[in-house]
Amino acid sequence: MDADIIIIGGGIAGISAGARLAPHARVLVLEAEDALGHHASGRSAALYEPRYGAPAVVELSLASEEYFRSVPDLLSPRGLLLVGRDDQKAAFGADLTAMHFDPIPVAEARGIVPILNPDVVTMAGYAAHAEDIDTDLLLQGFARVIRGNGGSIVTRARVSAIRRDGAGWRVAWPGGEAVAPLLVNAAGAWVDGVAAMAGVRPLGFAPLRRSMARIPAPGGLDVSKWPMMFGPGEDWYAKPDAGALIVSPAEEDPAEPHDAWADDMVLAEGLARYEGFVTEPVTRLISSWAGLRTFAPDRVLVIGRDRGEPGFFWLAGQGGYGFQTSGGASQLAADLILGRPAALSEPLVAALSPARFG
């Protein structure tokens, strides 16, 4: 099987880049699992909060908005509610400023989320600019563009070997092999492993586990219009999901690349932190899971050709920002690969480039 571009990784990074490239090149996307978005993409909190992350991440998220607005029904109102105790004033103030919250009275916050404990919560802030992302709509829409332009997506294609020869990159997986002059590494937690397999210097990405639990709607209330809530310093968060509530301890525990699962003790500690702010205890879990959020050393995405091997393109380090940056990140990847002027600013392109690691 020949292609112009082989993309390793069928999460939101690889699929969105493939969609941008497919009208201009023969694209082949290889996904190790049975379905697209199986790992981090499939376990996302699915929120578009463009003020979340390092400055370069925020700029990339904001640059994604125009594309998101062009997709009917992709975004829907959610909002963010920050709550804090008296002993959390410093962290509360930092989050309030960084994420552009408006301070609101606690009584108003309790009007929005009635289970907040008035004996504990002494500070609140609200931001209307956060919206839910229909992640399946986005992922499948990108996949349709790839296939509609003659590209291919192969699942159950865990890459077993990569070598360079006169024809380009020769990539093998059980039952198949393909050759292309350009290889895009969008393998999530496995990006450094893919680089090593290709003989390219790894950049030091760190997969970090994050656990989640789905609990019944507190007190049997209708939570569908509640905002996403979190504590100062993001040491827990809660978000409505399909009539229930997702609660996360928001941990970042180092992990080897694998199909992650929730740590029961960490989950229990996070649920206890959440319970400390509300009047309704957690009596049972509906389900639990975990995902790996993979970061570059500076916690900024890496998008660009490798310095030592220009036929190897990094699209990695999405961390917790993969969906909300996908509009801008995929556009930049396509611009750089196709040799077009980048739609993003030169400083931002430089901040995202793998060249920053020397």
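Rule-based calculations on the coordinates, nothing more; no lab input. All values derive from a computational prediction rather than experimental measurement. Positions of Cβ are backbone-derived with ideal geometry, glycine not excepted, and every protein chain shown enters the neighbour counts.
Among 110-122, 136-148, the peptide with the highest mean count of other Cβ atoms within 10 Å heads the list, and the full ranking is 136-148, 110-122. Using the empirical formula 2.2 N^0.38 Å as the baseline, the Cα radius of gyration of region 166-325 reaches a ratio of 1.30. In terms of the Cα gyration tensor, with a ≥ b ≥ c the square roots of its eigenvalues, is region 304-353 rounded because a/c is under 1.5, prolate because a/b exceeds b/c, or oblate? Oblate, since a/c reaches 1.5 and b/c is not below a/b.
From the Cα gyration tensor of region 133-217, with a ≥ b ≥ c the square roots of its eigenvalues, which class applies: rounded if a/c is under 1.5, or else prolate if a/b is larger than b/c, or else oblate? Oblate shape, in that a/c is at least 1.5 and b/c is the bigger or equal ratio. The distance between label points at Asp165 and Val179 comes to 0.6 nm (points 7 Å beyond Cα on the Cα→Cβ vector). How large is the convex hull of the C-alpha atoms of region 91-145 per residue, in Å³? Once divided by residue count, the hull of region 91-145 is 123 Å³. Packing order of peptides 199-212, 161-174, highest average first: 199-212, 161-174 (average count of other Cβ atoms within 10 Å over each peptide's residues). Working note: Karplus 6.51/-1.76/1.60 with θ = phi - 60° gives region 212-223 the couplings 9, 10, 9, 10, x, 3, x, x, x, 6, 7, 9 Hz, where Gly and Pro are set to x.
Residue ranges 81-88, 15-22 sort as 15-22, 81-88 when ordered by packing (mean number of other C-beta atoms within 10 Å per residue, highest first). Around the amide H of Val278, modelled in the peptide plane, lie the amide H atoms of Asn117, all under 5 Å away and 5 or more residues distant in sequence or on another chain. According to the square roots a ≥ b ≥ c of the eigenvalues of the Cα gyration tensor, what is the shape class of region 1-140, taking rounded for a/c under 1.5, prolate for a/b larger than b/c otherwise, and oblate for the remainder? In terms of gyration-tensor shape, prolate. Extending 7 Å from the Cα toward the beta-carbon at both Asp222 and Ala242 defines two label points whose distance is 2.1 nm. Taking θ as phi - 60° and the Karplus parameters 6.51, -1.76 and 1.60, the scalar couplings of region 286-296 work out to 7, 6, 8, 6, 8, x, 9, 9, 9, 10, 6 Hz in sequence order, x denoting glycine and proline.
Taking amide H atoms as placed 1.01 Å from N in the peptide plane, the amide H of Gly10 lies under 5 Å from those of Ala32, Gly37, each 5 or more residues away in sequence or on another chain. Estimated at 0.36 nm per residue, the fully extended path between His100 and Arg307 surpasses their Cα-Cα distance by 70.8 nm. Using the rule -39500 (n - 2.57) for each DSSP H run of four or more residues, divided by the residues of the chain, the 222 nm mean residue ellipticity is -8500 deg cm²/dmol. Working value for the chain: equivalent-ellipsoid semi-axes of 38, 20, 18 Å, each the square root of 5 times a Cα gyration tensor eigenvalue, largest first. Each of Asp298 and Arg158 was given a label point 7 Å from its Cα along the Cα-to-Cβ line. The distance between the two points is 3.4 nm. Taking 1.306 mPa s as the viscosity and 10 °C as the temperature, the Stokes-Einstein diffusion coefficient of region 6-83 based on its alpha-carbon Kirkwood radius rounds to 109 µm²/s.
Under 5 Å from the amide H of Leu182 lie the amide H atoms of Ile6, Trp169, each residue being 5 or more positions distant or on a separate chain, with H modelled from the backbone and absent for Pro and chain starts.
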